[in-house]
Amino acid sequence: MKVSVPATSANLGPGFDCLGLAISMKNQVIIRPSKFHSVSLKGEGANNPALKDNNMFISIFNDFYHNLSYKKRHFRFEFQNEIPLSRGLGSSSAVIVSAIASAYAIEGIKLEKDKLLNLALAYENHPDNITPAVMGGFNVACVQENEVRYIHKEIPKTLKAVVVVPNRAISTQLSRKTLPFKYSKEDAVFNISHSSLLTAAFMAEDWEMLKHASHDQIHQKYRMKQMPELFDVQKTALKEGALMSTLSGSGSTLFSMSYADDSKNLEKMLKVKFPHFKVFVADFDNTGVRIEI
Ligand SMILES: Nc1ncnc2c1ncn2[C@@H]1O[C@H](COP(=O)(O)OP(=O)(O)OP(=O)(O)O)[C@@H](O)[C@H]1O
Ligand SMILES: N[C@@H](CCO)C(=O)O
């Protein structure tokens, strides 16, 4: 059985904890019944001993599998990871979603995506990565009585993601602790208005509006101060044709969006100016987690 799940970029500027989208960069796992438990890791995190010995995917998978099945079976897990860890591209969300989906699929139990999303919410209480990881596309989501309420919108192929991945990790958990405890009414209204406008721009496909809508007062400036070069990356991306350029999740990645026709030049300009960062163009993913039995 094979499960793949896309990377995700959350917040998109003002949409703190509620806006996110999926990018065609994925983690994939092949799970086969085996005489004994074994794990192989390729790609991102392959040399990280913690992922081998204390793998979060396997512990979540086992949590669900042992509740779904009385059979005591062993499996071989073959991970092929493209999503970098602690770079704000939703690696932990991808693990949570794919582990739960795998446990149901290996037992042949159908799991509706809405139910998968609400099961994942128990592991990550902000829905802006797990929702696009499950559904794909652009999503606006909130949590009401432990359920995710969301609206999903496909992103057309005429748009591309241009992603700048620094060589420094930022843990979401730690980064959330650096944010202010309280905000002014002015900041609150600023983000409500801009995230509303950004959501409407995605729904109306008014791509020129993204540049005006994607400003934030709640989290970006506090986080990007930890790595001031990110302000320069953001300024360069917007100058070189990006429709929007925002910190991806809690960082350190900077996510930009451009018309497909402009994406190669934007990638080139960013590579020239920031040769020490990984820069690439990616499609958007409109499907979310996929299971192939
Ligand atoms: N591909 C993976 N395989 C196994 N465990 C993972 C993987 N990615 C993340 N984890 C687990 O989740 C924890 C948090 O990972 P990470 O720091 O990437 O998440 P994050 O900061 O919440 O999100 P992001 O990756 O978007 O920055 C890691 O310490 C690790 O235990
Ligand atoms: N909304 C979350 C996204 C993390 O990827 C945060 O900014 O902490």
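Every number here is computed from the coordinates shown, using simple stated rules; none is lab data. The structure presented is a predicted model; accordingly, all values stated were derived computationally and were not measured. With ideal geometry, Cβ positions are generated from the backbone for all residues, glycine too; neighbour counts draw on all protein chains shown.
Put simply, the amide H of ASP285, placed in the peptide plane, has neighbours under 5 Å in ALA22, ILE23, SER24, GLY137, leaving out anything fewer than 5 places away on its chain.
Rounded, prolate or oblate for region 172-293? Axes are the square roots of the Cα gyration tensor eigenvalues, ordered a ≥ b ≥ c, and the cut-off for rounded is a/c under 1.5.
In terms of gyration-tensor shape, rounded.
Descending by average beta-carbon neighbour count within 10 Å, the peptides 208-218, 88-98, 147-157 line up as 88-98, 208-218, 147-157, the highest first.
For the chain, the relative contact order comes to 27 percent (Cα pairs under 8 Å, sequence separation of at least 6). The Cα-based radius of gyration and maximum Cα-Cα distance (Dmax) for region 186-240 are 12.5, 35 Å.
Among the helices of the chain (complete DSSP H runs), which have Cα atoms covering no less than 27 Å along the helix axis and a Kyte-Doolittle mean of at least 0.0? Helices meeting the criterion: 185-204. If only the Cβ of Lys and Arg carry +1 and only the Cβ of Asp and Glu carry -1, the dipole of region 209-249 around its Cα centre is close to 100 debye. Past 30 Å, Cα to Cα, is the threshold; run LYS2/LYS153; LYS52/LYS72; LYS115/LYS268 against it and keep the listed order. Cα-Cα > 30 Å for LYS115/LYS268; rest within.
Computed over the chain, the convex hull of the alpha-carbon atoms projects to a mean area of 15.0 nm². Global dimensions of region 59-162 from alpha-carbon coordinates: Rg and Dmax equal 14.9, 48 Å.
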